[in-house]
1. With a 10 Å cut-off between alpha carbons and a GNM built on the chain, which of 240, 128, 14 moves the most?
2. Run lengths n ≥ 4 of DSSP H only: what is the helix-derived mean residue ellipticity at 222 nm for the chain, with -39500 (n - 2.57) per run over all residues, to the nearest 500?
3. Between residue 163 and residue 185, what is the label-point separation in nm under the 7 Å Cα-to-beta-carbon projection?
4. If one computes the Cα centroid of segment 223-271 and of segment 94-111, what distance in Å separates the two points?
5. Rounded, prolate or oblate, given the Cα gyration tensor of segment 299-388, with a/c below 1.5 counting as rounded?
6. Order these peptides, 146-158, 51-63, 319-331, by their mean beta-carbon neighbour count within 10 angstrom, highest first.
7. For residue 253 and residue 283, FRET efficiency with R0 = 45 Å and r from the beta-carbon atoms, rounded to 0.05?
8. What is the Å³ per residue value for the convex hull set by the Cα atoms of segment 3-144?
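Every read-out reported here was derived from the displayed coordinates using simple, explicitly stated rules and does not represent laboratory data. Keep in mind that this is a model prediction, so the values were computed, not measured. So basically every Cβ, Gly included, is an ideal-geometry build from the backbone, and we count neighbours across all protein chains shown.
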């Protein structure tokens, strides 16, 4: 029987690659609903190609424009806003939700989907970083597994052996180091947007590419691993692996180390997540170790890239500090991409905002949403001061 799939964020990098996987296996999957905020032309093409029953856009104005563009060529209910996202995430016919929206817009529909006992394939970092405790508690209450799509967490998920969970000695998240790890600190003064977006191994969206360049991405992944796998923070490490073929490793207390390797192709963890709990053969490119020749590793230099330590500190203190970290980073990255903030000031701004924050313990969803909004306002102000 085909799995009925809703994709939140179908026009982004993960969303489009998920549709590629689905298109190659029409006997296994059927698209039930899609959502996109701005890219109407691509969403229109996706609706025509995959014939979902529902599609969701940002607001009523865009919804009307989409309806006009479709011109009654296909039967698809067009919804908009938070209501629309929640509806397509909770309808009875839906089996699986792919959460590929970036940012906090994914928080409420994900929680509602969990409450509706939908399987979640998660590609959104921000909501786990900001509300990981709440999300994982909801998942446990509803007996729902959250299957990570992010390559590093998919790797950890595959390497952790439930029968030996208590024997985990260390979880190692690998990092390519991004485009600047080999540079001296002085060379980071005048980094251009084009240079920062030029990741050596992966083709990703702009936000994730910049996070990879600052290594903030790896710090956020540490927080994700902490919540997704319930592993103590002192057992989670980051290791530089420039080739990016080993996506993560799990070391056990008997000296054994289990690693997951694959090509730089997000369709591999997407395929695994969509088919879980079974493995199904596919035709995606295989890794060729003989051709690669060697795999190398380096210790993380956290002094040159302090973003990772900021993330460790955020989870140590807990409360609303991880929300602040995430929101401040999003605004600072946007300021670098669009407003002239210098690359080296991204992490500096995040650190300043975190230091100014009065932490709140045990936040609920409303506290998290409020703090996210207020942090964005403060960070925008600080960014303008640094730009001017």
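1. For the chain, modelled as a Gaussian network with Cα springs under 10 Å, the answer is 240.
2. Working: 16 runs with 182 residues, N = 388.
Per the formula, -14500 deg cm²/dmol.
3. Computed distance between label sites residue 185 and residue 163 equals 4.9 nm.
4. Their Cα centres are 23 Å away from one another.
5. Working: a/c = 2.35, a/b = 1.19, b/c = 1.97.
Cα axes put segment 299-388 in the oblate bin.
6. Details: 146-158: 24.5, 51-63: 19.2, 319-331: 26.1.
Taking the mean over residues of other Cβ atoms within 10 Å, the ranking is 319-331, 146-158, 51-63.
7. Working: r = 38 Å, r/R0 = 0.85.
The computed FRET efficiency comes out at 0.70.
8. Values: hull volume 13.1 nm³, N = 142.
Looking at segment 3-144, the number lands at 92 Å³ per residue.
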